[in-house]
Amino acid sequence: MSQHIGRNDLPSFNGMHAENSIIMKAPLEKVFETAADLSLWPKILPHYRWIRFLEQSPARNVVIMAARRKWIPVQWTSEQEIDRERKEVRFHHLKAFTKGMRVVWTFTPIADGIDVKIHHELKSTIPVLGAFIAEKIIGEFFIRFIANQTLDHMKRYVESRYGS
């Protein structure tokens, strides 16, 4: 089982860090539960090809996720933890090029709606070129693009169904 980490527990290190955010105008509980429900993602996020559950429970899942960055298919295995008390959804990537990546989704009520942030952290284990590969290729080319698509499409979905 992975270590429980939250937004304030992410380690500081020289590696890839990406943060994406968007304001969603819908009730906190609806936004949070939509983000936590991986079975919904391929239905509402067109860049997600599929998600297969290897283990499934109300608070923890192990999944293989398949998305695309424009025409490039990507796939990874991840453990998901759903912390309903702290309103966080955490992922720990278990396989593929992003093995070891920690991802934390946070949901903060503000005057305009819910500030949804996705924090990604990855320390590369490849010497010399590792930091470049982690930051430029994995972080900028793949992670930021896919995370922005995820937030944009999720916003459209929750606001059209539950918008205030």
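The values are calculated or read from the model by the stated rules, or taken from the named source; none is laboratory data. Computed from a predicted structure; not experimentally measured. Neighbour counts are summed over all protein chains in view; Cβ atoms, including those assigned to glycine, are modelled from backbone coordinates with ideal geometry.
Per this entry, residue 117 is counted among residues that are modelled with pLDDT of 85 or more, buried (at least 16 other Cβ atoms within 10 Å of the Cβ), closer than 20 Å to residue 30 by Cβ and within 12 Å of the chain's Cα centre (by Cα).
Residues of segment 66-84 that are under 11 Å from residue 48 (Cβ atoms) and surrounded by 17 or more Cβ atoms within 10 Å (Cβ to Cβ): 67, 74.
From the set of residues in segment 74-100 that are assigned to a loop (DSSP other than H, G, I, E, B), of a type outside the set (Phe, Trp, Tyr) and within 19 Å of residue 123 (Cα to Cα), which is farthest from the chain's Cα centre (by Cα)? Per the criteria, the residue is 96.
Is it the case that residue 55 is outside any loop (DSSP other than H, G, I, E, B), at pLDDT below 95 and among the acidic types (Asp, Glu)? So residue 55 does not fit the description; no.
All conditions in (1) modelled with pLDDT under 95; (2) surrounded by fewer than 19 Cβ atoms within 10 Å (Cβ to Cβ); (3) hydrophobic (A, V, I, L, M, F, W, C) hold for residue 103, with the sole exception of (2).
Only one of the listed residues (108, 98) is hydroxyl-bearing (Ser, Thr, Tyr) and surrounded by 20 or more Cβ atoms within 10 Å (Cβ to Cβ). That residue is 98. Scanning segment 85-95 for residues that are surrounded by fewer than 18 Cβ atoms within 10 Å (Cβ to Cβ) and at pLDDT 95 or above yields 85, 86.
Filtering segment 10-65 down to residues that are within 19 Å of residue 85 (Cβ to Cβ), surrounded by 13 or more Cβ atoms within 10 Å (Cβ to Cβ) and of a type in the set (A, V, I, L, M, F, W, C), which residue is farthest from the chain's Cα centre (by Cα)?
Step one: filter segment 10-65 for residues within 19 Å of residue 85 (Cβ to Cβ), giving 10, 27-37, 57-61.
Imposing the further condition that a residue be surrounded by 13 or more Cβ atoms within 10 Å (Cβ to Cβ) reduces the set to 10, 27-37, 60-61.
If we keep only those that are of a type in the set (A, V, I, L, M, F, W, C) too, we end up with 10, 28, 31-32, 35-36.
Numbers: 10: 14, 28: 17, 31: 14, 32: 12, 35: 9, 36: 10 Å.
Out of the qualifying residues, it is 28.
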